[in-house]
Amino acid sequence: MKDFDFYFPTKIIFGKEALRRLPKELPSLGRRCLLLYGRGSIKKTGLYEKMISCLKQSGLEWTEFGGIKSNPPLSQVLLAVEKAQEFKPDFLLAVGGGSVIDAAKAIACGYFHRETLWDFFERRGAPQQALPLIVISTIAGTGSEANEVTVIVNDKKGYKLSLRSPLLFPKITFLDPTLTFTVPPNHTAYGVMDAFSHLFEYFMFRAYQESTVTEDILILFMKDLLKWGYIAYKEPENYLARSQIQWLSLLALSPLTRAGLGSYRFFLHSLEHPLSGSLDLPHGLGLAILMRAYLKRYGAHEMVRRFYLKVLDLSQGPDLAKRGLKAYDNILERFELPKSFKELQIKREVLPDLVEKAWEILYIWKAERDFSKEDIQELYEIAYSG
């Protein structure tokens, strides 16, 4: 294993009764709270009323900023920063899925660095301060609920970028799997494939191959995500399946799954970010199709063969690449997901623009030496046609 630091400071409160502890935990971060949530699903499920009750019970002063969009845009983040700067909260409370949590992290950072916020996403400087954050996660998939990464869209440029800082680890995260019972089947599938892609990219694009313990963890987690994901997709109120997916999704993009890997590249994420950034495609859906394109293009690659053998449990043989792609297609079929952009009515004419945006992202990530524009173009073409 390569040398590494392991830092995982988020306190996680997990289970059916997790939210009962919220009124006692909230005051630990201060007396003034900015509540953040999405487009209204927490009001339909009754979770919003529960949050207001907890805030009152805790004796806190609060205000709220709702309506956070999926694939949160920078423009909306900056509006929320303005509201935060007017109210001067001691901490933020984010209630929702990955988009709400990512927006909350960007707001936490932007509170102290409004004018330079996007510079940090472009790797020009690093934040020095951020507001503390408490998270209540309602959708499994992104892993943002317990890591130091946020991803938002620059709506002027039409793509997403990530920012990583230890300041962005949530202080406390509440996970109640029953809150995910109402997630529709298609979004359950998107979340599973999102979490799966994190493990897949660590597995494929790591600098150090001989990290046996971490590789074993990646393999086990990928298998378990599919096993429990299939069940949750068909049985949305299966608590055991929902709880396994929620925990696996958190761990999939945590310090645990990259320990000892050395450097790594999230190459397929760089190709997906222009899709969800400019076409508003669900993140996990775009990644599911791009993983297939990568497997189809690089079927003879050693790490792809290793994936087929160790994760999909196929046997050796000269036709492994063909059988492996068929096995991956079976995953998509079980989740009723498309295999190509064409099935989503995405027009071929947008591909050159996607290539340019993906190349710019790789340049910002300093990964342009690892992949060429031709690699990007070829994968988009395969993803388009299937």
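The values are calculated or read from the model by the stated rules, or taken from the named source; none is laboratory data. Note that the structure is predicted; figures quoted are calculated from it, not measured. Because the Cβ atoms are built from the backbone with ideal geometry, glycine has one as well, and the counts that use them run over all protein chains shown.
Of note:
- Among (1) over 21 Å from F205 (Cα atoms); (2) assigned to a helix (DSSP H, G or I); (3) not small (G, A, S) - the single one Y328 does not satisfy: (1)
- The conditions of being in contact with a strand residue (DSSP E or B) (Cβ under 8 Å, 6 or more places away or on another chain) and aliphatic (A, V, I, L, M) are not met by I217.
- Pairs, first free of Cβ contacts under 8 Å to residues at least 24 places away in the same chain in the stretch 155-173, second in a strand (DSSP E or B) and among the hydrophobic types (A, V, I, L, M, F, W, C), C-beta under 7 Å, six or more apart: R164/V149
- Checked across the stretch 37-48, the condition of being of a type in the set (K, R) and part of a helix (DSSP H, G or I) holds for at least one residue.
- Residue match in the stretch 335-352 (condition: surrounded by 15 or more Cβ atoms within 10 Å (Cβ to Cβ), without any contact (Cβ under 8 Å) to a residue 40 or more places away in the chain and aliphatic (A, V, I, L, M)): yes
- Extreme residue, surrounded by the fewest Cβ atoms within 10 Å (Cβ to Cβ), among residues of the stretch 122-144 that are on the phi > 0 side of the Ramachandran plot and touching an Asp or Glu at 6+ places or on another chain (Cβ under 6 Å): G125
- Sole residue being surrounded by fewer than 18 Cβ atoms within 10 Å (Cβ to Cβ), of a type in the set (S, T, Y) and more than 14 Å from F203 (Cα to Cα), chosen from Y264, Y239, Y233: Y239
- Residue tally, condition under 15 Å from L290 (Cα atoms) and assigned to a loop (DSSP other than H, G, I, E, B), over the stretch 343-370: 1
- When we screen S340, S315 for residues that are modelled with pLDDT of 95 or more, small (G, A, S) and either farther than 24 Å from E215 by Cβ or in contact with a strand residue (DSSP E or B) (Cβ under 9 Å, 6 or more places away or on another chain) (or both), the only hit is S340.
- Pick from the stretch 39-51, criterion surrounded by 13 or more Cβ atoms within 10 Å (Cβ to Cβ) and without any contact (Cβ under 8 Å) to a residue 60 or more places away in the chain, ranking: farthest from S276 (Cα to Cα): K50
- Residue list for the stretch 176-211, filter: of a type in the set (D, E) and buried (at least 24 other Cβ atoms within 10 Å of the Cβ): D194
- From the options G317, G299, G286, residue that is under 30 Å from S99 (Cβ atoms) and not β-branched (V, I, T): G286
- In the set L55, L60, L26, L36, only one residue is surrounded by fewer than 20 Cβ atoms within 10 Å (Cβ to Cβ), touching a strand residue (DSSP E or B) at 6+ places or on another chain (Cβ under 8 Å) and within 11 Å of L93 (Cβ to Cβ); that residue is L55.
- Matching residues in the stretch 210-252 - criterion: being farther than 30 Å from S263 by Cβ and touching a residue at least 60 places away in the same chain (Cβ under 8 Å): Y230, Y233, Y239, R242, S243
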